[in-house]
1. Out of 136, 165, 177, 84, report the one residue that is basic (Lys, Arg), touching a strand residue (DSSP E or B) at 6+ places or on another chain (Cβ under 6 Å), in contact (Cβ under 8 Å) with a residue 40 or more places away in the chain and closer than 23 Å to residue 387 by Cβ.
2. Looking at 333, 312, which one is surrounded by fewer than 24 Cβ atoms within 10 Å (Cβ to Cβ), at pLDDT 95 or above and under 23 Å from residue 187 (Cα atoms)?
3. Does the range 340-354 include one or more residues that are among the β-branched types (Val, Ile, Thr) and part of a loop (DSSP other than H, G, I, E, B)?
4. If you check 337, 367, 375, 361, which single one turns out to be over 23 Å from residue 94 (Cα atoms), assigned to a loop (DSSP other than H, G, I, E, B) and of a type outside the set (A, V, I, L, M, F, W, C)?
5. Looking at the range 316-328, can you tell me whether even one residue there is open to solvent by 30 Å² or more (accessible area, probe 1.4 Å), assigned to a loop (DSSP other than H, G, I, E, B) and either touching a helix residue (DSSP H, G or I) at 6+ places or on another chain (Cβ under 9 Å) or of a type in the set (Asp, Glu) (or both)?
6. Has the range 268-288 got at least one residue that is out of contact with any Leu (no Cβ under 6 Å at 6 or more places or on another chain), over 22 Å from residue 191 (Cβ atoms), not hydroxyl-bearing (Ser, Thr, Tyr) and not in a helix (DSSP H, G or I)?
7. Can you tell me which residue in the range 250-309 is surrounded by the most Cβ atoms within 10 Å (Cβ to Cβ), limited to those that are farther than 23 Å from residue 210 by Cβ and of a type in the set (Gly, Ala, Ser)?
8. So which residues in the range 351-388 are open to solvent by 50 Å² or more (accessible area, probe 1.4 Å) and of a type outside the set (Asp, Glu)?
Amino acid sequence: MISVERLKFKYNKGREGLREINDMITSLCTRTDIHTKMSCAVPHDASELTLYEKVLQMQITTLTELTGLYCVRSCTKRLEDSLRRFPVGGVIIYKRSIKNASQITGLNTGMQKFYRDYTGIPLFICVDEEGGVAQRVGVKCYPDVPRISGMGDLAALPDADERIRDAGNIIGGYLHRYGFNVDLAPVADVVTNGENTYLKKRAFGTDPEMVKKLTYLFSKQLMSCNVLPCYKHFPGIGGTNDNSHFGYATVNRTLKQFEAAEFVPFLEACKKDIPFIMAAHVLVPAISGETRPASLSKHMLTDILRNKMGYRGLIICDALVMDAIRNDFPAGRAAVEAIKAGCDMILKTGNFRGSVNAIIEAVKSGEIPESRIDESVNRILKIKAMLG
């Protein structure tokens with residue numbers, strides 16, 4: 001029997017597919033600058049790039065938005081032309097672009113080679129590969145790679161440490177082999193609401209210290225395979241049973257409660273220089289005093305995560321196409337607000353061309369200082385240098 005949560009998931013996937021086609025058409029109809037040559041052969045800092053190139057580096061988009069084709073499975077001339085015109089910082093790969101192991105390897109290595117030859121730096125090729133219910137590559141490339149249980153199930157076993165290490169090593173190994181270099185995992189949320197069915201299988205548990213340890217064990221194995229991990233979803237969504245795909249999720253817990261539980265794994269990420277932390281579309285009114293999500297909150301991202309907790313890596317927002325954002329903000333405005341809050345990279349706006357235009361206009365109008373853009377781009381180039 002299919003659970004209510006599974007029915008919601010299937011409904012949401014169908015709805016997202018229809019929306020993505022509409023977003024693709026909107027994006028294709030949005031005029032942008034023409035880019036045919038990089039301003040620097042091998043950029044080392046933001047000063048060597050134009051504003052257009054810098055803003056593009058802050059984008060992680062889909063192959064659908066990039067090319068105007070719903071399903072892209074090979075590195076065609078159209079994909080290369082799209083990367084030349086829009087040298088974005090990264091792309092995120094979905095199931096529809098994955099057929100089997102050899103095919104996805106060809107797509108990723110082809111993109112990476114073209115992008116490196118053109119820009120002089122690596123392309124972030126991202127995927128959500130947590131294990132369990134969130135396995136895009138593992139499902140499509142089975143039996144070339146083994147199925148991995150959800151982190152919640154593995155964390156509950158007596159030999160959890162060993163199981164989590166093995167899972168990180170297996171996932172990191174095949175992602176690297178197939179040309180991925182960023183895994184938008186692990187889930188670093190501490191489950192503080194026992195009714196949170198959305199995270200039950202994905203998160204490492206309810207004990208902050210255990211979550212801290214297992215999250216880092218998994219991430220360490222990814223990094224040993226030259227795959228960059230991303231802790232998600234800051235400041236923590238384990239205290240809600242809402243799903244930001246359908247609207248705002250709210251956690252009514254105090255700063256003191258967050259510091260004792262939800263913040264614990266993320267503070268470890270700061271200390272261990274984890275390269276990515278993803279900001280969640282969650283309302284935390286008792287901390288921020290705001291009616292906007294953490295992903296768009298300067299208090300949460302800049303004052304707390306960046307300044308108080310001392311995070312030096314890349315802050316990436318969760319996908320801006322979720323209802324929690326798009327119900328209140330157009331794509332361009334959402335991207336501008338995310339950058340003002342402290343995000344370095346913008347994930348899946350629904351219209352990345354319009355978002356690029358909006359950010360550039362915000363810089364030209366003085367709403368966003370160009371020095372703020374430079375801060376993010378310098379962090380991006382620093383992390384990309386880790387990939388060689």
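1. It is 136.
2. Testing whether each residue is surrounded by fewer than 24 Cβ atoms within 10 Å (Cβ to Cβ), at pLDDT 95 or above and under 23 Å from residue 187 (Cα atoms) leaves just 312.
3. Yes, that holds for at least one residue.
4. Just one listed residue meets the conditions, 367.
5. yes
6. Checked against the condition, which is being out of contact with any Leu (no Cβ under 6 Å at 6 or more places or on another chain), over 22 Å from residue 191 (Cβ atoms), not hydroxyl-bearing (Ser, Thr, Tyr) and not in a helix (DSSP H, G or I), the range 268-288 yields at least one hit.
7. Applying the filter and picking the extreme gives 295.
8. 357, 364, 365, 366, 369, 371, 378, 379, 382, 385, 386, 388
The values are calculated or read from the model by the stated rules, or taken from the named source; none is laboratory data. Since this is a predicted model, take the numbers as computed values, not measurements. Positions of Cβ are backbone-derived with ideal geometry, glycine not excepted, and every protein chain shown enters the neighbour counts. What goes into the accessible areas is simple: the full protein's heavy atoms, side chains included, and nothing from ligands, DNA or RNA. Shrake-Rupley method; radii C 1.70, N 1.55, O 1.52, S 1.80 Å.
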